[in-house]
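Reviewing the structure listed below.
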Amino acid sequence: MKRRKKNRNHSRKIFTQKKNGTKVAMDDKYKDRVFRMLFNNKKNLLSLYNAFNGTDYKNENEIEINTLENAIYLSKKNDVSFIFRLSLNIFEHQSTPNPNLPLRDLYYVTDMYSRDHAEDDIYSSRILKIKTPYFIVLYNGTERLEEKFEYKLSDMFEQKAENPALELKIMVYNINRGMNDEIKNACKALKEYMIFVDEIRDNLKAKMHKNDAINKAINDCINNNVLKGFLLRNREAVMHSCIYEYDEQKHIKNEKNISFEEGHAKGRAEGKSEGIAQEKHNSVVRMLKRHKDIEEISGDLDVSIEYIKQVEAELFAKA
């Protein structure tokens, strides 16, 4: 009896927990960011490569997409990694600043090299040739950042080194409105991706419900021939992906607000406690100066006799 071959291209399933504890299957492609979905296309990737390198390569078949799947350090699958000619290109889309990315990319590229050279003899006297890595982050968050800047692994070192023995540099490009337009104009998919993102943001600013804002952005982009083919083919996946992303962003924002409020409340409580402590201390000093009995002070102010004796000793030392 022949075994039925497993379809390796079938959609993997993940499970989300409902409030009642039941597990509900959800196609994990909905958790992929739209950016990653869009640039898992070799034609779009080659256009992206050309935009950043000032080249005009045409043969998209030279590209080998080698994004690591299910890597334990990739909590968000919004990375695209590909080999083109002799270079290993790792593009990351980020909506929040993350100065720890150099360490994450170090893990990533180490895994890449380990996988690609698993059969090679690294103890050989003959030098191995490895792909030249390039790390690029495309930032489109709402926090105002420079148009272009750099993250460096050495910035994370506890002890700073003038010429670090190990370094990894990531170029970060802000692709929001008015930023790096030359690159966006050189890559049609990237430019239209940001038009789509801005459409959603504008709709949300107009106080539209999240689902309506995303749905309207999809319709408007299709009508204006922006990512038209991509959105028509992947409408449902894009809708779910955007909902998931904005829900996650809201959750992160709420968690930050909760942490701030808790910290603020704690600070107020500590300040109040310090204020009460100072007030009691001042009262102890006043009563000692009036030659009140120590036990009487302790009873009136609810402070220990040992503390009153300590304050008394300090007063005596100053006298």
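The values are calculated or read from the model by the stated rules, or taken from the named source; none is laboratory data. None of the values given here were measured: they were computed from a predicted structure. Every residue, glycine as well, gets a Cβ built from its backbone with ideal geometry; the counts of neighbours run over all protein chains shown.
A few comments on the model shown:
- Restricting attention to the range 170-182, the residues that are out of contact with any Phe, Trp or Tyr (no Cβ under 6 Å at 6 or more places or on another chain) and either surrounded by 15 or more Cβ atoms within 10 Å (Cβ to Cβ) or not assigned by TED's automatic domain parsing to the domain that holds D155 (or both) total 4.
- Among residues of the range 112-164, those that are touching a strand residue (DSSP E or B) at 6+ places or on another chain (Cβ under 9 Å) and of a type in the set (A, V, I, L, M, F, W, C), counted: 9
- Residue match in the range 126-144 (condition: within 24 Å of the chain's Cα centre (by Cα), over 25 Å from K43 (Cβ atoms), in the same structural domain as Y49 (by TED's automatic domain parsing) and surrounded by 12 or more Cβ atoms within 10 Å (Cβ to Cβ)): yes
- Residues that are under 21 Å from H240 (Cα atoms), hydrophobic (A, V, I, L, M, F, W, C) and surrounded by 12 or more Cβ atoms within 10 Å (Cβ to Cβ) occur at least once in the range 184-192.
- Restricting N40, N98 to residues that are surrounded by 15 or more Cβ atoms within 10 Å (Cβ to Cβ), assigned to a loop (DSSP other than H, G, I, E, B) and either modelled with pLDDT of 95 or more or assigned by TED's automatic domain parsing to the domain that holds N176 (or both) narrows the list to N98.
- Subset tally (residues that are free of Cβ contacts under 8 Å to residues at least 12 places away in the same chain, more than 23 Å from the chain's Cα centre (by Cα) and within 26 Å of Y49 (Cα to Cα)) for the range 185-223: 2
- Tally, over the range 92-145, of residues that are more than 14 Å from S81 (Cβ to Cβ) and among the aromatic types (F, W, Y): 2
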